[in-house]
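Trainee: Here's a structure for you.
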Number of protein chains: 2
Amino acid sequence: MPYPEGGSFHEALPQAMKKKPTIHEVAARAGVGLGTVSRVLNNHPAVRPETRARVLRAMEELGYTPNPHARRIAGGRSYTVSVLLPFVATEFYRRLIEGIESVLLEKRYDLALFPILSQARLKRYLESTTLAFLTDGLILASYDLTELFGEGRLPTERPVVLVDARNPRYDSVYLDNRLGGRLAGAYLARFPGSIFAIKVEEEPDRAFRHTVFSERMAGFLEAIKEAGRPFPEGHLYVTRLSAEGGRLALRHFLEKASPPLNIFAGADQVALGVLEEAQRLGLTLGKEVRVLGFDGHPFAEEVGLSTIVQPVEAMGARAAQLLLERMQGYGGPPREVRFEPTLVERASTGTPPEAPYLP
Amino acid sequence: MPYPEGGSFHEALPQAMKKKPTIHEVAARAGVGLGTVSRVLNNHPAVRPETRARVLRAMEELGYTPNPHARRIAGGRSYTVSVLLPFVATEFYRRLIEGIESVLLEKRYDLALFPILSQARLKRYLESTTLAFLTDGLILASYDLTELFGEGRLPTERPVVLVDARNPRYDSVYLDNRLGGRLAGAYLARFPGSIFAIKVEEEPDRAFRHTVFSERMAGFLEAIKEAGRPFPEGHLYVTRLSAEGGRLALRHFLEKASPPLNIFAGADQVALGVLEEAQRLGLTLGKEVRVLGFDGHPFAEEVGLSTIVQPVEAMGARAAQLLLERMQGYGGPPREVRFEPTLVERASTGTPPEAPYLP
DNA sequence: CTGAAAGCGCTTACAG
DNA sequence: CTGAAAGCGCTTACAG
């Protein structure tokens, strides 16, 4: 008796043995045809509100939940989107995913994350057998991987959106990191004292490189130069993305110059290290040592870190929107959505002098 | 003309417009029935080698690749396995995934990773609509999440295997961390000098806690005690999983005692910090400062770090095997597979004295 | 607005 | 060993 029928027996079966209800059961219970159930499932307008309600109730009572595989097979849509992202568990990606998820869930789309552990894995992901490929659309975070493939196109016919990366062939959503760097430079240049900067290292692998840190630094140096402030080569410190890098940098800087020091850290996590080390050394923040971070990490507010905020959630949400539009058939040319960072001033820098500092 | 027919025109279409070949095309090209193609796809023995070869060739020529959604729908199997793992990108997980993948790929199974960003996400994962749930089996890494759900069972009927965690209801593969700690303790107790230990903090959230670090430390303290060596409370330092923790710990320890120091670090990453800081301070490794790590991180060999090695890849592979067996219908009681760590001696500890050290 | 039918790409007994 | 048919859970024109 592979398919137990009959209410009471069925009810008596342990949860684990119950067959998942299908559209058939729902139709029967609601007293409608299969097509109608499918229509309410797909928000088709041509369903009487009353009928819709009846079907919805039946689904509720049965605990019905649609089978994405069947939907994919029948209708070409699985209602799930893949997000390919680097295998690094930072707050940035957590926030990005939240942003993406917020709009996807609203449209009843599901998302599957695919951390890119290695190039080999990535290539497999993009083989058509793989689930990542068989979802309805792809969001690529941070890596512009197109150059890994022939013709500079990803081997998929489904819509693709890049976030935190750019490529002329695809829709992309990115932060103007250079502008962020400029904001940082212009701001710190208003204070008296020496100016320093900490740059975060980037991955050596070409295809996997994202250039955000270089862009931030480029903008920063531009602004410093425009402000007419000196920036000797030794005032740049390069480190991995870690608080420790910030600590070491501060000690290094203190050998080069005496307070006040104005430090731009290319990432909040690094800025945090500067902050901590300054406190340990008994240096007054916002006075002897001024630190400005980049990212708008949640902890920045807690510790009073001035920082260049990037609207990560908004970027994620926008990327999801672009993708949704493509999945709904939009066929226009690739769109580039540029986000602008903003400076948030807190105790770690204090307030700049009324009169701009002129060297 | 939604479905272009006719060889030459078809060939001329750009890659992107080609319809993916299906089992029908393969059957036609190989001159066999659909069933036969399906049989070779599923390694069914009842296919003449000659026929099989013909079908295989047709698939090759057509670039055919099976549609997992259809397979799932028709046969109840999608040939993909979900791995649920913490959202932390450490070498441990990288290696674990490699181990799992190695045996899965061999059986032509695919795997999809689901990083657990939050409890909310996890619950969604386990709702039946979600892809994670609809794969053929689940591997849960590090978290024993069963207590999140009623009756202590995950809300899935598919087989589940835990790795790096244990639960009596499911197959599990784990390392004997306590034994590892004991090995470390017994080993360091053979050296003269003070004994110190660095423990890695664990997540506060109950359901998401894994207790490996506590177990390591418990075993270590046991062995130290059995060896009759003193271990004052102040000799334990607790820190996050980072090299910096190791640096700070060493400085802290040096205030407590003079060299030689024998230090057990609960994780290689932390041990690395100790190592670096010792070098920075000009202390001779393996003599003034002896460091023993835990994990068998790839860099341990490079830097000459003695460590307790855990066979992560093997653990992953074993977990995949257990899961495969379940998916193939094995219905026996839950199995616990225990792995034993081993000590690898390198320069960071030097060689212990011939005669055991007796306090 | 709604039902019945055909079809998505595969698997699985069922006959030969 | 192999083909033809039924079926998996859904969607989508097609008629009404």
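The values are calculated or read from the model by the stated rules, or taken from the named source; none is laboratory data. Keep in mind it's a predicted model, so treat the numbers as computed, not measured. We place every Cβ from the backbone using ideal geometry, glycine too, and count neighbours over all the protein chains shown.
Trainee: Considering segment A:54-77 alone, what residues qualify as being at the interface with chain B (Cβ under 7 Å from one of its Cβ atoms) and within 19 Å of A:Ala28 (Cβ to Cβ)?
Mentor: Selection gives A:Thr65, A:Pro66, A:Ala70.
Trainee: Within segment B:30-39, is even one residue free of Cβ contacts under 8 Å to residues at least 12 places away in the same chain, of a type outside the set (Lys, Arg) and assigned to a loop (DSSP other than H, G, I, E, B)?
Mentor: Step one: of segment B:30-39, the residues free of Cβ contacts under 8 Å to residues at least 12 places away in the same chain are B:33-35, B:39.
Still in the running and of a type outside the set (Lys, Arg): B:33-35.
Okay, now just the ones that are also assigned to a loop (DSSP other than H, G, I, E, B), so B:33.
Yes, that holds for at least one residue.
Trainee: Against the conditions (1) within 12 Å of DNA strand D (Cβ to nearest atom); (2) surrounded by fewer than 13 Cβ atoms within 10 Å (Cβ to Cβ); (3) farther than 26 Å from A:Gln328 by Cα, where does A:Val26 fall short? Just the number, please.
Mentor: (2)
Trainee: At least 2 residues that are within 13 Å of chain B (Cβ to nearest Cβ) in each: list the strands (runs of 3 or more DSSP E) lying fully within segment A:78-175 that qualify.
Mentor: Numbers: elements: A:80-86, A:110-116, A:137-141, A:160-163, A:171-175.
Output list reads A:80-86, A:110-116.
Trainee: Find the residue count for segment B:56-73, including only residues that are exposed (fewer than 14 other Cβ atoms within 10 Å of the Cβ) and either within 7 Å of DNA strand C (Cβ to nearest atom) or assigned to a loop (DSSP other than H, G, I, E, B) (or both). Walk me through it before giving the result.
Mentor: Here is the first cut: in segment B:56-73, the residues exposed (fewer than 14 other Cβ atoms within 10 Å of the Cβ) are B:57, B:60-61, B:63.
Then keep just the ones that are either within 7 Å of DNA strand C (Cβ to nearest atom) or assigned to a loop (DSSP other than H, G, I, E, B) (or both); that gives B:63.
Adding up the residues that qualify gives 1.
Trainee: If you don't mind, there's one more thing I want to ask. Tell me, please, whether a residue that is surrounded by fewer than 16 Cβ atoms within 10 Å (Cβ to Cβ), modelled with pLDDT under 85 and within 30 Å of B:Phe294 (Cβ to Cβ) can be found in segment B:81-101.
Mentor: Within segment B:81-101, one or more residues are surrounded by fewer than 16 Cβ atoms within 10 Å (Cβ to Cβ), modelled with pLDDT under 85 and within 30 Å of B:Phe294 (Cβ to Cβ).
Trainee: Could you tell me which of the residues A:Gly76, A:Gly35, A:Gly31 is small (Gly, Ala, Ser), out of contact with any helix residue (DSSP H, G or I) (no Cβ under 9 Å at 6 or more places or on another chain) and either at positive phi or near DNA strand C (Cβ under 9 Å from one of its atoms) (or both)? I'd like the intermediate steps shown before the answer.
Mentor: Working: A:Gly35 fails: out of contact with any helix residue (DSSP H, G or I) (no Cβ under 9 Å at 6 or more places or on another chain); A:Gly31 fails: out of contact with any helix residue (DSSP H, G or I) (no Cβ under 9 Å at 6 or more places or on another chain).
Every option except A:Gly76 fails the conditions.
Trainee: Inside segment A:40-55, can you point out the residues that are under 25 Å from A:Ala132 (Cα atoms) and either in a helix (DSSP H, G or I) or more than 10 Å from DNA strand D (Cβ to nearest atom) (or both)? Explain how you work it out, then say what you get.
Mentor: Of segment A:40-55, the ones under 25 Å from A:Ala132 (Cα atoms) are A:41-42.
Scanning segment A:40-55 gives a single hit, A:Leu41.
Trainee: Something else: Which pairs turn up if I take residues in segment B:45-61 that are modelled with pLDDT of 90 or more and look for partners that are away from DNA strand C (no atom under 15 Å from the Cβ) with beta carbon separation below 9 Å, at least 6 apart in sequence or on another chain?
Mentor: From residues that are modelled with pLDDT of 90 or more, the pairs are B:Arg54/B:Gly31; B:Ala58/B:Gly31.
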